[in-house]
Amino acid sequence: IFHSSLKCKCYWSCLHCAQAFFLNINCISIGSAQIHAHIHTYMLLLNPSALIICSHETKYYPFSPVVLDMTFGGGGHSKAILNSAPDVTVLALDRDPTAIHLAEDLAKEYPVKPILGRFSELLSLLSHMRIPERSVDAVLLDAGCSSMQMDQAQRGFALSKDGPLDMRMDGDRYPDMPHAADVVNTLDQQALASILSAYGEERRAWKIASAVVEARRSSPITTTRQLAAVVAGAFPPAAVYARKDRLNRPSHLATKTFQALRIFVNDELNELHAGLRAAQTALRPGGRLVVITFHSLEDRLVKRFLQGEDMSNLDEFHFEQKQRKEKYAERPKQRSEHWAPIKRKVVTPEKQEMLENPRGRSAKLRAVLRL
């Protein structure tokens, strides 16, 4: 990856030096080309495309660089990448048919190839498109729910909008796929409490599950507003103002419950793991991976995957916080044979960024280079 033949002041002879180099100097080598990537930490979460590709980089490529956007969502990241580097080809992956329609509209103006599918289906979809393994130049993996989905009341993701309790990211692609309402109205109290504890890290999971079971005896819980009211009723009145977000604003008592149900319905952690493995297979040596997560479960999974840990059993993430710390305190730190860090520490938004984009207040960004 790093060629000693390069006549460059940033010349390195070993990977160890290269890893340190990414923390301090803005010159990297891809293939036999010298590429200058100016990375400004303070703007990464506002414009993660700065870590993916820069407009002045493309002139060093003898081909059109290929960037994989996982997931496309409303297309904000893809548009930023295309505006900064018009010669880039974007592979726009999303499991949501609504997002793919937006990608198809963008493809009329830019070199965009929409791909409808889940992370776990990505490699087979790329193979069908005759895109070989280890050929993608950069991957931007934006985990979780998109703003477009949150803004549509009929999708059932948002607490602030009353709508059917759906939460399926795939929309109507799989008619037999359970809705969040199916989960809430059919599972027993123990199963519900396990979901809330594991995926929402909700300390009052048992009491919330008990309130849900009690409420559905009189009538099914079918809307987001119904569920939010039932969850709030499981807390003492003083708790209404006790929970705060990172901007020190009151956080709704049902936020963690909605997160847990969404993750469970869409199998998000397994899909995220599949997406990371697919990115590892798709990226060429020297390619870049940028991952943005929005809660601790996602970030913990990404961090350990990039460190080279065995992630085949995701159940190990479903311990209490104290048990997790004890479990991993005894493990020696590992260094991945597949990844080298571009930024050693996780990047989080500055206060001004959180004020300008409150939905990104909990975002964490990790950037690595494929070895």
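Considering only residues that are open to solvent by less than 30 Å² (accessible area, probe 1.4 Å), part of a helix (DSSP H, G or I) and among the small types (Gly, Ala, Ser), which ones fall in the stretch 88-145? Passing the criteria: Ala99, Ala103. I'm told Leu272 meets every condition in (1) closer than 28 Å to Trp206 by Cβ; (2) modelled with pLDDT of 95 or more; (3) open to solvent by 20 Å² or more (accessible area, probe 1.4 Å) except one. Can you identify the failing condition by its number? Single failed check for Leu272: (3).
Matching residues to (1) under 15 Å from Val265 (Cβ atoms); (2) open to solvent by 60 Å² or more (accessible area, probe 1.4 Å):
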residue: Gly156; (1), (2): yes, no
residue: Asp162; (1), (2): no, yes
residue: Asn185; (1), (2): yes, no
residue: Gln190; (1), (2): no, yes
residue: Ser197; (1), (2): no, no
residue: Glu201; (1), (2): no, no
residue: Ala205; (1), (2): no, no
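Within the stretch 297-311, the set of residues being in a loop (DSSP other than H, G, I, E, B) and in contact with a Ser or Thr (Cβ under 7 Å, 6 or more places away or on another chain) comprises Gln307, Gly308.
The values are calculated or read from the model by the stated rules, or taken from the named source; none is laboratory data. In this text the structure is predicted, and so the values were computed from the model without any measurement. Positions of Cβ are generated from backbone atoms using ideal geometry, with glycine treated the same way; all protein chains shown enter the neighbour counts. Ligands, DNA and RNA are excluded from the accessible area calculation, which covers all protein heavy atoms including side chains. Shrake-Rupley method; radii C 1.70, N 1.55, O 1.52, S 1.80 Å.
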